[in-house]
Amino acid sequence: MRFLTRCRVVAAAATVLVLALPAGTAAAAPPAGQRPIRETDLLRFVWVADPQISPDGRWVSFVRVTVNAQKDGYDTALWIADTAGGEPRPLTSGGHDSSPRWSPDGKRLVFTRAPEKGEKKEGAAEEAAGQLYLLSMEGGEARRLTDLPKGAGSPCWSPDGTSIVFTSRANRRDLAKRNAARGRGREGVQAADRAGRAGDEAREEVPPAAPAGLPGSPVSPMFPPGGGESARDEAQAEGAPAADERESDVRVITRAVYRLNGAGYLDPEHPAHLWAIDVPAAAAEPPAPRQLTRGEFSEEDPAWSPDGSLLYFLSNRVREPYYRGEGRVLYAMPARGGEMVKIAAIDGQIANFALDRDGKRIAFEGSLYGHPARSYNQPDLFVAAAAPGSVPRNLTVDYDFDVGGGLTGDQHPPRGDGSALPVWSADGRSVLVRTAERGRANLRRVDAASGKVEALTAGDQEIVSYSATPDGARLALVAATPLAIGDLYVIEAAAGAQPMRQLTRFNEPLWAELSLAAPEEIAYKSFDGREIQAWVQKPPGFDPHEQYPLILNIHGGPHAAYGYTFDHEFLWMAAKGYVVLYPNPRGSTSYGQDFGNIIQYRYPGDDFKDLMAGVDELIRRGYVDSQRLGITGGSGGGVLTNWAITQTDRFAAAVSQRSIADWGAWWYTADFTLFQPTWFKGPPFEEHDDFASRSAITHISNVKTPLMLIEGEADYRTPPPTGGEQMFRALKYLHKPVVMVRFPGESHELSRSGKPWHRIERLQHIVRWFDKYLQGQKIDLYDVP
């Protein structure tokens, strides 16, 4: 019983329909097999990530992700597929290769490679730090380009193919320590430090940089404010141990945002900066990379201008942006280094961007803040001139869906990432983007002048990631459906909806064994007449004349959406004999700005009523047993699970995952701030009654439902003390049936990218709990011994 050895179980008291579509528009369904899906089939899943089409459109390089069951992790390797067809083949056998990017002539790939965790290779700059490698399409082994402390990532070729810009968190102290370790001694450390300091002084005009994706520099691991490297240098001058001899592990925290779920504590001494390296000739040694930016703020997502003279990037250059809600801004600088200038900003957050072929315009995804502040800000597509101080124009102001949006599922690639940038047409008249509409995510063409939106792909599916040729004529993409995890396709970007040609079928051998049924889409009216979209996953061999136990499964967010993508969890629950209902209640994305924001200051609340109306609808249809109802959800779904069992006793069992029980406690401890009046009108010490009234823990005495709580012990998004731990302790005091299942080392991403065996055990525990209370099975695991 392997599951008993892989996570700790805290025991509780013993008292205890797919729509019809035009041919070729959607991803293909796999062949039907014989047996129901199992939870352990996850070990055989293959994911396709980060498809990158070659400049001539002939080849697609991508990341193939597989489970390494022996190491309880994931392997990533680079593969290649011919867009004309044929079997894809591997390019690398490395266990941790990712981010392939084609050279402009299509003859080479740059990619990142990381050693095994804990592995220290001879000559490597730092344990487990990913470095850039170069691979020739004419054959031969990959060659390492960089050897920087803290690694290198986000590679981007110059238009002439002579240079690569990338990001790295290495600082001058790291470089000095590396030089000392390579035998240059204390003099080498001091020389490197002087060189770095001189470089900083020569670039005083460059504004200072912050941890990637997050504002500000939150922690100082060695010296208090006012100290930093100069204070450390003074300490060394007075005879204190050198930094390479002793480094303190004490953190001095000065920022409200100081740790990030999955990444751990943020490190202000290592912001992500732009670097560049000249591409060496075939037999030459790589030259030393050049650092282009410095300071306290980070730079992200670099891109070259078409003529190679400029670099564009995103950055948030405000120390504590959570006070006023500042978002990322688009900047540019000379490609060889120098002063950066602001190109475009909006009253909100800028995300993915792309320059047109002439380098005169930039298209980007952006989310405008509301005034007054909103809980949900729907993303739009903007166009701006590629010149300082340009005023962006919102192209999709009349398109009430999510530009750049995707769907919630548990089988997006757990490693390997993927890009989904806007794509300009060759003539500059339109821009291709992914959008989310009513539980589907497809590619849309937006007219760059009028903002008119038309479909490029259509169907009950999710476009997960994609890339395009430089002229935007051909795209490689990964598409998923409720019956397919996600395979590689190619499509021509002609006018109108186009058919997609499938290039990979990695999961078909497994799929041939399985009997999988597509979910049925339903719509029902809620308490106020609002229509709610939902899906019903039915057990194999479903008989509408029988009555089945029901599991209501609630998505997180709360601003997210279920839909037509693959969810192992729903299929597994159905295979175990349950009808699974998964709705998109108010607050969900892909239904417009108003539908998403309507729960502001009322969460949880009317969304709970939407969920109950869905349960009533299935009971009305006659195939659900009203005495055998279960409820579960993670993150925001955990919030609603906790809330539901304090408001009703109709559920016979509940599983709350990675949840919040006390909004006040969570406000103080989450990895991001709620300093803006988005979810609450003020802080808990000013709005105590509102925080308390919407907290499940306030109403804990009402709970009669047996409850399982699933927690990741490294979860900084919904820290266990603010959710599951409170519910567990309170219900134990009340002598109610409750159990807590804790997963060591797992973050908030447990269900999506946690260790493979942890993901399997999570599913096992959820279904066992429902088996115990909905199916009447004798399961002693959760009883107090």
Determine whether Ala476 is part of a strand (DSSP E or B) and of a type in the set (Gly, Ala, Ser). yes
If we keep just the residues of the range 93-110 that are at pLDDT 95 or above and part of a loop (DSSP other than H, G, I, E, B), which is farthest from Lys755 (Cα to Cα)? Asp105
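Matching residues to (1) open to solvent by 30 Å² or more (accessible area, probe 1.4 Å); (2) at pLDDT below 65; (3) within 27 Å of Tyr466 (Cβ to Cβ):
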{"site": "Ala13", "(1), (2), (3)": "no, yes, no"}
{"site": "Ala20", "(1), (2), (3)": "yes, yes, yes"}
{"site": "Val46", "(1), (2), (3)": "no, no, yes"}
{"site": "Asp50", "(1), (2), (3)": "no, no, yes"}
{"site": "Pro55", "(1), (2), (3)": "yes, no, yes"}
{"site": "Phe62", "(1), (2), (3)": "no, no, yes"}
{"site": "Val67", "(1), (2), (3)": "no, no, yes"}
List the number of the failed condition for Asp607; all other conditions in (1) among the charged types (D, E, K, R); (2) open to solvent by less than 10 Å² (accessible area, probe 1.4 Å); (3) outside any helix (DSSP H, G or I) hold. (3)
For the range 413-433, give me each residue that is within 21 Å of the chain's Cα centre (by Cα) and either more than 18 Å from Ala384 (Cβ to Cβ) or open to solvent by less than 10 Å² (accessible area, probe 1.4 Å) (or both). Pro413, Pro414, Arg415, Gly416, Asp417, Gly418, Ser419, Ala420, Pro422, Val433
Tally the residues that are under 14 Å from Leu571 (Cβ atoms), open to solvent by 10 Å² or more (accessible area, probe 1.4 Å) and part of a strand (DSSP E or B), restricting the search to the range 538-552. 0
Given (1) part of a strand (DSSP E or B); (2) touching a Pro at 6+ places or on another chain (Cβ under 9 Å), number of the condition Glu454 does not satisfy: (2)
Show the residue pairs that are 6+ apart or on different chains and have beta-carbon atoms under 9 Å apart, the first residue being within the range 331-358 and open to solvent by less than 10 Å² (accessible area, probe 1.4 Å), the second being basic (Lys, Arg) and not in a strand (DSSP E or B). Ile350/Arg328
Here's a check for you: in the range 642-675, which residue that is of a type in the set (Asp, Glu) and open to solvent by 30 Å² or more (accessible area, probe 1.4 Å) is nearest to the chain's Cα centre (by Cα)? Asp662
Out of Ala448, Ala436, Ala480, sole residue that is open to solvent by less than 10 Å² (accessible area, probe 1.4 Å) and under 28 Å from Asp97 (Cα atoms): Ala480
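Please find, among Glu320, Glu269, the residue that is open to solvent by 20 Å² or more (accessible area, probe 1.4 Å), out of contact with any helix residue (DSSP H, G or I) (no Cβ under 9 Å at 6 or more places or on another chain) and of a type in the set (Asp, Glu).
Glu320
Suppose we filter Met708, Met727 for residues that are surrounded by 22 or more Cβ atoms within 10 Å (Cβ to Cβ), of a type outside the set (Ser, Thr, Tyr) and more than 24 Å from Gly577 (Cα to Cα); which single one remains?
Every option except Met727 fails the conditions.
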If we ask which residues in the range 365-417 are of a type in the set (S, T, N, Q) and under 30 Å from His758 (Cα atoms), their number turns out to be 2
From Gly327, Gly308, Gly295, grab the single residue that is over 30 Å from Gly682 (Cα atoms), assigned to a loop (DSSP other than H, G, I, E, B), open to solvent by less than 30 Å² (accessible area, probe 1.4 Å) and of a type outside the set (A, V, I, L, M). Gly308
Filtering the range 361-380 down to residues that are outside any strand (DSSP E or B) and among the small types (Gly, Ala, Ser), which residue is surrounded by the fewest Cβ atoms within 10 Å (Cβ to Cβ)? Ala373
Can you pull out every residue in the range 733-749 that is among the aromatic types (Phe, Trp, Tyr) and open to solvent by less than 50 Å² (accessible area, probe 1.4 Å)? Phe743
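The values are calculated or read from the model by the stated rules, or taken from the named source; none is laboratory data. Predicted, not measured: the structure shown is a model, and the values here were computed from it. Quick reminder, even Gly has a Cβ in these numbers, built from the backbone with ideal geometry, and neighbours come from all protein chains shown. The protein model used for the area step is the full one, side chains on, heavy atoms only, and it has no ligands, DNA or RNA in it. Shrake-Rupley method; radii C 1.70, N 1.55, O 1.52, S 1.80 Å.
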